[in-house]
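Report on the following structure.
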Ligand SMILES: Cc1ncc(COP(=O)(O)O)c(C=O)c1O
């Protein structure tokens, strides 16, 4: 069969909100042109994030009932721990309420002034948690990642010559760990090859530097390896994932992605000392080590979700969804990052609005227009998210790219919803030359994109 169908049927449904264009105009003004500030019940198709937005399966809902809510020693924790260990092979599994809490634990211990932590591309919460400790967060992704039109299979790879030069320049003593994000969210959702994971691991081990995977989308990454890397076609996604983790000393994970959870995460480690320090901090900020910020029922649902996410039929459908949207948009002349990544489609907003300079946030404009035109919510990944103020001149340095990310929640929307998104883009293409820029009128010092207020440039 050529058609890749949804490998599930729908048992429970949730209505979505149809609003008029006039209503959306009003809503945008009230939200200060920041879709993060729009109430979700006013959004028709919510592509803001794939995080925590998955539809749980019947088996996951059933597992919730088995939740053991004991404060200490809950059997739900041991079920969860066993499942995470089966896939990752790590000795210590520390549950947290979401990915950034794992980052907070890890970098509170490993970070600090004078330290430097490389990654292919740091996700925004990872970067913020590192920088909050006074350490520097550096991106060493391969140059191909910057070429949106390149269809290279593993554009999430870390550039090994950049990594060698980095270790040489700063010295292993100032690098408390090397991170690798699979798939690379901030770099277009592109996968990392097994060869690259192995090579980074070899370098880390040669210099005695711990190596951590940011494993939010490990299953999608594993399936890309199966499809694209020689030697893996006959392996199961689980075997591939197990190999990926085997090269690492630990992992941070938001289970709101490839855990099929609405909440949850873990920090996994082999090092006893680091694990003990992490658990001490966990008790301070998250909870006791056998629940760490989650309810027993969450732990149960996640243990089931981690099995389901490695199902081949699911992963085949998952990657087909992104591929479908990418190819429909390309056919209509919308420039998107290629090849299709795992969880999201990244639209080049600068190409869409070439007349709006980065200082007037073209990607924020596209996000606003998607909502105005069709009630669709996406997220800006451009100068609002990554623009930097120059310490000397006070001027803002734009981001390298002006992208809009349309993230696809897992098992939530159908092909008809995707077709509607394409139709909204067709409408926006007609009006693209009339679009104006935006300016920020209020912002917070860190992670400003979540709460900033905007006004339209006249
Ligand atoms: C690659 C990556 N790392 C870390 C995080 C942080 O996870 P959380 O939102 O659960 O705190 C995310 C969330 O989107 C992510 O995509």
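Here are the numbers for this structure:
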quantity	calculated
Residue in the stretch 114-123 that is within 24 Å of residue 154 (Cα to Cα), more than 11 Å from the ligand (Cβ to nearest atom) and either at pLDDT 95 or above or surrounded by fewer than 18 Cβ atoms within 10 Å (Cβ to Cβ) (or both) present	yes
Answer residue from the stretch 329-354, given it is assigned to a loop (DSSP other than H, G, I, E, B) and under 18 Å from the mean Cα position of the chain (by Cα) and is farthest from residue 152 (Cα to Cα) among those	343
Count - residues of the stretch 149-170 that are in contact with a strand residue (DSSP E or B) (Cβ under 6 Å, 6 or more places away or on another chain) and part of a loop (DSSP other than H, G, I, E, B)	2
Residues located in the stretch 1-36, provided they are outside any loop (DSSP other than H, G, I, E, B) and over 26 Å from the mean Cα position of the chain (by Cα)	21, 22, 23, 24, 25, 26, 27, 29, 30
Criterion: more than 23 Å from residue 55 (Cα to Cα), buried (at least 19 other Cβ atoms within 10 Å of the Cβ), touching a residue at least 12 places away in the same chain (Cβ under 8 Å) and within 15 Å of the ligand (Cβ to nearest atom) - qualifying residue of 274, 302, 267, 255	267
Residue within the stretch 209-232 that is more than 14 Å from the ligand (Cβ to nearest atom), modelled with pLDDT of 95 or more and in a strand (DSSP E or B) present	yes
Flag for residue 143 being out of contact with any strand residue (DSSP E or B) (no Cβ under 9 Å at 6 or more places or on another chain), within 29 Å of residue 350 (Cβ to Cβ) and surrounded by fewer than 23 Cβ atoms within 10 Å (Cβ to Cβ)	yes
Among residues of the stretch 355-384, those that are touching a helix residue (DSSP H, G or I) at 6+ places or on another chain (Cβ under 8 Å), in a helix (DSSP H, G or I) and under 16 Å from residue 437 (Cα atoms), counted	15
Some residue of the stretch 186-205 being touching a strand residue (DSSP E or B) at 6+ places or on another chain (Cβ under 8 Å), part of a helix (DSSP H, G or I) and near the ligand (Cβ under 9 Å from one of its atoms)	yes
Hey, residue 392 loosely packed, with under 15 Cβ neighbours inside 10 Å and modelled with pLDDT of 95 or more or not	no
Unique residue being within 16 Å of the ligand (Cβ to nearest atom) and over 19 Å from residue 254 (Cβ atoms) when the list is 152, 145, 165, 137	145
Residue match in the stretch 61-70 (condition: within 12 Å of the ligand (Cβ to nearest atom), in a loop (DSSP other than H, G, I, E, B), farther than 26 Å from residue 273 by Cα and in contact (Cβ under 8 Å) with a residue 24 or more places away in the chain)	no
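To keep it simple, each residue is scored yes or no on (1) within 22 Å of residue 301 (Cβ to Cβ); (2) touching a residue at least 60 places away in the same chain (Cβ under 8 Å).
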site	(1), (2)
31	no, no
37	no, yes
41	no, no
47	no, yes
55	yes, yes
76	yes, yes
90	yes, yes
111	no, yes
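The values are calculated or read from the model by the stated rules, or taken from the named source; none is laboratory data. Owing to the predicted nature of the structure, the values given are computational and were not obtained by experimental measurement. Because the Cβ atoms are built from the backbone with ideal geometry, glycine has one as well, and the counts that use them run over all protein chains shown.
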